[in-house]
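For reference, the structure discussed in these notes is given below.
The values are calculated or read from the model by the stated rules, or taken from the named source; none is laboratory data. Bear in mind the structure is a predicted one, so any value in this text is a computation, not a measurement. A quick note on method: Cβ atoms are made from the backbone with ideal geometry, for glycine too, and the neighbour counts reach across all protein chains shown.
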Amino acid sequence: MSTTLTLKTAAELRTTHLRQEMFPTIFCDGCGLGNVLNYTLWAVEQVGLDLDRTVFVSGIGCSSRLTGYVNADGMHTTHGRALSFATGIKAANPDLNVIVFTGDGDGSGIGGNHLLHTIRRNMDLTVILVNNFTYGMTGGQSAPTSPTGSFSPTTPYGNVEHPLDICELAQALGAPYVARWPVSVPSQPIKSIAQGISKRGFSLIEMMAPCPTAYGRRNGLRGIEPNWQWYRDHTVLVDEYERVEQFGSPEERAALRDKMKIGVFQDIERESFGDRWAALVDRVKL
Amino acid sequence: MSTYRERIRQALGAKVQFVQGDDACAYGAILAGCTFFAGYPITPATEVAERMSEILPKLGGCYIQMEDEIASIGAIIGASWTGVKVMTATSGPGFSLMQENLGYGIITETPCVIINVQRSGPSTGQPTMGAYGDMMQARWGTHGDHEIILLCPSSVQEAMELTIVAFNMAEQYRTPVLLFIDGELGHMRERLVIPDDSEITLFDRVRAESMEGYKPFQVGESLVPAFAPFGSGYRTYVTGLTHNEQGLPRTSSPAIHDKLVRRLAAKINDHTDDIVRYEEFYADDCDVAIVAYGITARTCRDVVEEARGRGIKAGLLRLITIWPFPEALVARWAERVRAILVPEMNMGQIYHPIREAVEGRCAVRLLAKIGGELHTPTELLDALEELSCQPR
């Protein structure tokens, strides 16, 4: 079976989907945020979202600057709070499509509690959480996702903390759609973001994106190539991960320890806040 | 099919009711056309949320209980950008948590109403006791240069009426408006008469009329930009960063920051005639004045009569609008009186702007009371008597 999609060309997409006056971007060389924006817009185009009816919401940090580059309604809010604002927008006008850009610090550090409850409530939002293992905008300090032992200006002797697996958290909380991809693979993230947008309820797409400038240079990942190589070496597809965990040799299982699972972790149906609220209003409305 | 206004009447129930101040705030919001409420339970403000959760779905609106007060104010600001009227309600600890997003509401010019049913602090303090300890936090709690509108009713009836006014001001000036009562007034029940629609004036934010040349933060004479809700095709970008008229971040230009922040202040300060509300008793025949607000002003009203019966020419200036502070009004009183008594349910907050406005023209005496009890008439009378002996 083949599907024919009439998609815009990249040049057309640039004209229609980007806010021209915001360019050039603030992003550093080798930063993965341009890829994330690219994949998101292709997904938006694939799903056929009407940009006039779509709001992009973000918090604070490099990834949260992405909203400014999209030619749609956008709300660049306070640090960690994007999901609260997005919740208000979606709850007040369920007809709008709401897409959230956030980072690992913004979304799982200062905004962790909002993440937890927005998933529990199952707000119909698509959250694209960009994980670069660091607080990039303030100069690369240690984040909740920074690997143990990694170096930063606030962990000059190595990070002693355990990193958070945001997707595992989202999965445990019952998010209908959860996926993680590195920016080094383009087609899977586009597909996942498109699936996330189409999903009724909360969807989380964690994008692993390099920050060569603030994180990379202190952790042997200066430049683009070593970063993309790191993704190749340190990620494993979820199916393969589970296979090795179950049937792998002790050596194979040991090798999993410093790898991050990637892929689609959860794709289920669950009634959203909006659906339930609408039903409640139908029941009690005067 | 009944109209929306008719359904509001149906949802609110009897025209005359015996309700709490918290209920009255909720009723005022509904009458003002509020269709979105986000909040978090906190004593003594919880009943506002309870009433909203009961009424809003009946009217097809939305009530959502958020995970904390930070999220509550975030949600109402987000909702406001879809073009609806929004409110949250809290008490001191929650109001502390709201400070950052309050500043976001100010710089993004988002209409919203925040009710604070004050209790004693600092910190968790006395949750069930009334206080007015957040008056200065209202003014300067959020960081950076800004103006704020704060209204303080003195009765259950006025709590409802001023909540409607708060919505109108939020819409007209496109800014967060605060309405503060206290645990005492919030939980006190008294007679409430729900006004007819003919007695209510409502103001809706001015909408953008044409996309041609539209800039979301460009202003005319009113200094208030025209509003285009999310989803209307205007593709507005809203940011808490310093921005130009188009709404795009311009964070390194002193001139753009200066222009924006001064305009945000001027849109309020240039309209104090409309915003400043007060009530005067014996203004023209007064030797010793009380300047009071909130529930305290209510006791003062009787005390003034009592004092006059004892031969003290007492008067009362009841401040309804606290911020922007009615400096000229207080200065006018200071010209005429021997002394001003400032009873406050805190250790002296509005006392300071009063002294600033008085500028030494008369004596100003603070009668601070904390711990949750109201000023007794005797305490106020004794203070008035003492002040009436003050040399001019």
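Couple of notes before you dig in:
- When A:G74, A:G80, A:G61, A:G34 are screened for being assigned to a strand (DSSP E or B) and at pLDDT 95 or above, only A:G74 passes.
- Considering only residues in the range A:37-58 that are facing chain B (nearest Cβ under 8 Å) and assigned to a strand (DSSP E or B), the one that is farthest from the chain's Cα centre (by Cα) turns out to be A:V55.
- The residues on offer are B:A292, B:A266, B:A314, B:A297, and the sole one that is at negative phi and more than 22 Å from the chain's Cα centre (by Cα) is B:A314.
- Yes/no for B:I295 being more than 12 Å from chain A (Cβ to nearest Cβ), touching an Asp or Glu at 6+ places or on another chain (Cβ under 7 Å) and assigned to a helix (DSSP H, G or I): yes
- Any hit, the range B:55-70, residues being at the interface with another protein chain (Cβ under 7 Å from one of its Cβ atoms), of a type in the set (V, I, T) and surrounded by 22 or more Cβ atoms within 10 Å (Cβ to Cβ): yes
- Matching entry among A:T235, A:T213 (being more than 29 Å from A:V98 (Cα to Cα), in contact (Cβ under 8 Å) with a residue 60 or more places away in the chain and not hydrophobic (A, V, I, L, M, F, W, C)): A:T213
- Among residues of the range B:222-254, those that are of a type outside the set (F, W, Y) and under 25 Å from the mean Cα position of the chain (by Cα), counted: 9
- Look at (1) buried (at least 22 other Cβ atoms within 10 Å of the Cβ); (2) at negative phi and you find that A:G201 fails only one, number (2).
- If you check B:A71, B:A11 for being of a type in the set (G, A, S) and either part of a strand (DSSP E or B) or in contact (Cβ under 8 Å) with a residue 40 or more places away in the chain (or both), only one passes: B:A11.
- Matching option when the condition is surrounded by 24 or more Cβ atoms within 10 Å (Cβ to Cβ), assigned to a helix (DSSP H, G or I) and of a type in the set (S, T, Y), among A:T102, A:T87: A:T87
- Scanning the range A:14-56 for residues that are aliphatic (A, V, I, L, M) and touching a residue at least 60 places away in the same chain (Cβ under 8 Å) returns A:L33, A:V36, A:A43, A:V44, A:V47, A:L49.
- Failed condition for A:D239, given (1) at pLDDT below 95; (2) part of a helix (DSSP H, G or I): (1)
- Single residue of the range B:219-253 satisfying the filter (assigned to a loop (DSSP other than H, G, I, E, B) and aromatic (F, W, Y)) that is farthest from the other protein chains (Cβ to nearest Cβ): B:Y234
- Top-ranked residue of the range B:83-97 - restricted to ones that are buried (at least 24 other Cβ atoms within 10 Å of the Cβ) and under 19 Å from A:L83 (Cα atoms), ranked as farthest from the other protein chains (Cβ to nearest Cβ): B:M87
- Odd one out for A:R270, checked against (1) part of a loop (DSSP other than H, G, I, E, B); (2) surrounded by fewer than 20 Cβ atoms within 10 Å (Cβ to Cβ); (3) touching a helix residue (DSSP H, G or I) at 6+ places or on another chain (Cβ under 8 Å): (3)
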